[in-house]
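Take a look at the structure below.
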Amino acid sequence: MPIAEGADAPKVTFKCRVRDPAIGGDNPFTWKDVSTDDICKGKRIVIFSLPGAFTPTCSSTHLPGYEKNYEAIKGCGVDEIYCLSVNDAFVMRAWGLKQGCPEEMTDASNPLNPGNFQKTKLLPDGACLFTRGMGMSCTWDSERGFGERSWRYSCVIADGKVEKLFIEGGAVTQNSGPDPFEVSDADTMLKYLQEKK
């Protein structure tokens, strides 16, 4: 069952990769544990979650929509925007680069940087811990062969509590044939945030 609005966001640790110039070479990255508190505590953030990096709707519309509206969303009292998927840090980085997201090379003010991105930050939930905690885990086996992934949704989290939740189709559907995309988009999020200003 999906998490309720007003509930605490799941307390998990994301396994991330950040740039470390001391390493040098072609792959100057090291592992970094980033907690839910690191990105949520004392902040108001937007997270949108999708079934998989490199998949069609996620790549053509979902992530590009938030990239395009990044400044407008932040202008509504949002500290940061995160794109979450049940993929590892390597896949998320490769997808961001393929999407043309500008990499953040030096600024470490966000816990995912340097080495993540300047606008929307790509958050790897490779072990599905945050997704399960949100009640958004779904399994596509005969459909798409994905295995366990995240249902498509978006949310606002304010100081660790779920302020608003937009769930595609109104509920998580296991092994769904359709992949609905109607309420977790950037335009819907921006309209909500503007109305709350």
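The values are calculated or read from the model by the stated rules, or taken from the named source; none is laboratory data. Because the structure is predicted, anything quoted here is derived from the model rather than measured. Please note: Cβ atoms are built from the backbone with ideal geometry, for glycine as well, and neighbour counts cover all protein chains shown. Please note that ligands, DNA and RNA were not included when accessible areas were found on the heavy atoms of the full protein model with its side chains. Shrake-Rupley method; radii C 1.70, N 1.55, O 1.52, S 1.80 Å.
Taking amide H as placed 1.01 Å from N in the peptide plane, Asn87 has its amide H under 5 Å from the amide H of Asp125, Gly126, each at least 5 places away in sequence or on another chain. Here the 3J(HN,Hα) profile of region 53-62, calculated from phi with Karplus coefficients 6.51, -1.76 and 1.60 at θ = phi - 60°, is 4, 6, 7, x, 5, 4, 8, 8, 9, 5 Hz, Gly and Pro shown as x.
Within the shell of other residues whose beta carbon sits under 10 angstrom from the beta carbon of Pro124, the net charge comes to +1, with Lys and Arg scored +1 and Asp and Glu -1. Ranked by the mean number of other Cβ atoms within 10 Å of their residues, highest first, the peptides 19-28, 116-125 fall in the order 116-125, 19-28. Accessible surface calculations at 1.4 Å, restricted to protein heavy atoms, place the chain at 45 Å² per residue.
Remind me, relative contact order of the chain in percent, using alpha carbon pairs under 8 angstrom and six or more residues apart?
Details: 399 pairs, mean separation 56.2, N = 197.
Relative CO of the chain lands at 29 percent.
Summing +1 for each Lys or Arg and -1 for each Asp or Glu among the other residues whose beta-carbon sits under 12 angstrom from that of Ser35 gives +1.
Using θ = phi - 60° in the Karplus curve 6.51 cos²θ - 1.76 cosθ + 1.60, the 3J(HN,Hα) couplings for region 137-154 round to 6, 9, 10, 10, 10, 5, 8, 6, x, 6, x, 7, 9, 9, 5, 6, 7, 9 Hz; x is entered for Gly and Pro. What the phi angles of region 14-29 give under the Karplus curve with 6.51, -1.76 and 1.60, with θ = phi - 60°, is a coupling list of 8, 8, 10, 10, 10, 5, 9, x, 5, 6, x, x, 7, 9, x, 10 Hz, glycine and proline written as x. Solvent-accessible area assigned to carbon and sulfur over the chain amounts to 50 percent, based on a 1.4 Å probe. Subtracting the Cα-Cα distance of Lys68 and Arg144 from their residue separation scaled by 0.36 nm leaves 24.5 nm. Taking amide H as placed 1.01 Å from N in the peptide plane, the amide H of Glu163 sits under 5 Å from that of Gly6, Val156, Ile157, Ala158, each at least 5 places away or on another chain. Taking a sphere under 12 Å around the Cβ of Pro10 and counting the other residues whose Cβ falls inside, with K and R at +1 and D and E at -1, yields a net charge of 0. The H on the amide N of Phe117, modeled in the peptide plane, is under 5 Å from the matching H of Glu104, Leu122, each at least 5 residues off or on a different chain.
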